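Engineer: The structure follows.
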Amino acid sequence: DGGITQSPKYLFRKEGQNVTLSCEQNLNHDAMYWYRQDPGQGLRLIYYSQIVNDFQKGDIAEGYSVSREKKESFPLTVTSAQKNPTAFYLCASSISGTGPDEQYFGPGTRLTVT
Amino acid sequence: AQSVTQPDIHITVSEGASLELRCNYSYGATPYLFWYVQSPGQGLQLLLKYFSGDTLVQGIKGFEAEFKRSQSSFNLRKPSVHWSDAAEYFCAVGARGYSTLTFGKGTMLLVSP
């Protein structure tokens, strides 16, 4: 089955630690996205990548970093500089980087930082 | 830049009753419009999309939406709601030539027996 995998589903970290969230897709999509979801805030775009080895900041990139070394992988690192990292993180992909196209979403990772 | 407004944070509908969720967008050119549904703790699933052509769009699970340019709206409808439709619904807008979407803040649908 083609789709997007995010792991782990739940992640717990101590304040001051960096943490990396995994996102893998086997849909052969060019574009990938990271969103942050907080209650009542909808989805806010953190970073996106339209093609391998290239990525752009979204609306709330501060305190986050990404890489896109392989087409199927787009990991997100939440750094200690992110002031409020506790949230639900969603990864998505779309077939083209020149869209807009339907975005396919992973099941999400809930990060809790204490 | 485009924006999306979903005026209703929560809506409660009786099972079997009809449903309409509102979505208003702001964008100067022809928008690309989407409705997604999210069950608690899950990712989003596409219900339907509008790119061009017929302004009444049919989607999955019996949902439909109508694009009204004059009202800058793309409201989601279902004639008879089932308890399993209880979820959060997001409207999103995209612009030609750009891969990113702008999402509304969502409407939580509660279904009463």
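The values are calculated or read from the model by the stated rules, or taken from the named source; none is laboratory data. Keep in mind that this is a model prediction, so the values were computed, not measured. Note that we place each Cβ from the backbone using ideal geometry, even for glycine, and neighbour counts take in every protein chain shown. Surface areas here come from the heavy atoms of the whole protein model, side chains and all, with no ligands, DNA or RNA. Shrake-Rupley method; radii C 1.70, N 1.55, O 1.52, S 1.80 Å.
Engineer: With θ set to phi - 60° and the Karplus curve 6.51 cos²θ - 1.76 cosθ + 1.60, what are the ³J(HN,Hα) couplings of the stretch A:8-24 in order, to the nearest whole Hz, using x for Gly and Pro?
Structural biologist: Per residue, the Karplus-derived 3J(HN,Hα) values read x, 6, 10, 9, 10, 9, 8, 4, x, 9, 7, 9, 10, 9, 8, 9, 10 Hz.
Engineer: Between A:Gln56 and A:Glu69, what is 0.36 nm times their sequence separation minus the Cα-Cα distance? Round to one decimal in nm.
Structural biologist: Using 0.36 nm per residue and subtracting the Cα-Cα distance, I get 3.3 nm.
Engineer: Using only Cα atoms, what is the ratio of the radius of gyration of the protein assembly as shown to 2.2 N^0.38 Å?
Structural biologist: 1.01
Engineer: A further question on this structure: Please provide three numbers in whole Å: the alpha-carbon extents of the stretch A:48-114 along the principal axes, with the largest listed first.
Structural biologist: Projected onto its principal axes, the Cα set of the stretch A:48-114 covers 38, 23, 21 Å.
Engineer: With each pseudo-label sitting 7 Å past Cα toward Cβ, what's the A:Lys9-B:Ser39 distance in nm, one decimal?
Structural biologist: 1.1 nm
Engineer: Place a point 7 Å from the Cα of B:Ala17 along the Cα-to-Cβ direction; which residues of the stretch B:79-104 have their backbone N under 12 Å from it?
Structural biologist: B:81
Engineer: When we measure straight from the Cα of A:Lys70, which aspartates and glutamates land under 13 angstrom away, once same-chain ones fewer than 8 places off are left out?
Structural biologist: List returned: A:Glu24, A:Asp30, A:Asp54.
Engineer: Something else: Per residue of the stretch A:45-52, what does 6.51 cos²θ - 1.76 cosθ + 1.60 with θ = phi - 60° give for ³J(HN,Hα)? Whole Hz please, x for Gly and Pro, Karplus curve as stated.
Structural biologist: For the stretch A:45-52, the Karplus-derived couplings read 7, 9, 8, 9, 9, 8, 7, 4 Hz, x marking Gly and Pro.
Engineer: OK, next. Find the eigenvalues of the gyration tensor of the Cα atoms of the stretch B:1-61, then list the square roots of 5 times those eigenvalues as equivalent ellipsoid semi-axes, largest first, in whole angstrom.
Structural biologist: 22, 15, 14
Engineer: Based on the Kirkwood radius over alpha-carbon pairs, what value in µm²/s does the Stokes-Einstein equation return for the translational diffusion coefficient of the stretch A:1-98 at 10 °C and 1.306 mPa s?
Structural biologist: In µm²/s, the coefficient rounds to 116.
Engineer: Mind giving me the nanometre distance, one decimal, between the label points for A:Thr79 and B:Ile9, set 7 Å out from Cα along Cα→Cβ?
Structural biologist: 3.4 nm
Engineer: Report the Cα centroid-to-centroid distance between the stretch A:21-53 and the stretch B:35-84 in angstrom, as an integer.
Structural biologist: So the separation of the two Cα centres works out to 22 Å.
Engineer: Another question, then. Could you compute how much accessible surface B:Ser72 exposes when probed at 1.4 Å, giving the result in Å² to the nearest 10?
Structural biologist: About 40 Å², ignoring ligands and nucleic acids.
Engineer: Could you state how much accessible area B:Ile60 has, in square angstrom rounded to the nearest 10, with a 1.4 Å probe and all protein chains kept in place?
Structural biologist: 70 Å²
Engineer: Show which lysines lie in cross-link reach of B:Lys105 when reach means a straight Cα distance below 25 angstrom and same-chain residues fewer than eight apart are skipped.
Structural biologist: A:Lys9, A:Lys57, A:Lys83, B:Lys49, B:Lys61, B:Lys68, B:Lys78
Engineer: Right, something else. Using only alpha-carbon positions, what ratio does the radius of gyration of the stretch B:42-113 give when scaled by 2.2 N^0.38 Å?
Structural biologist: So the Cα radius of gyration is 1.18 times the expected 2.2 N^0.38 Å.
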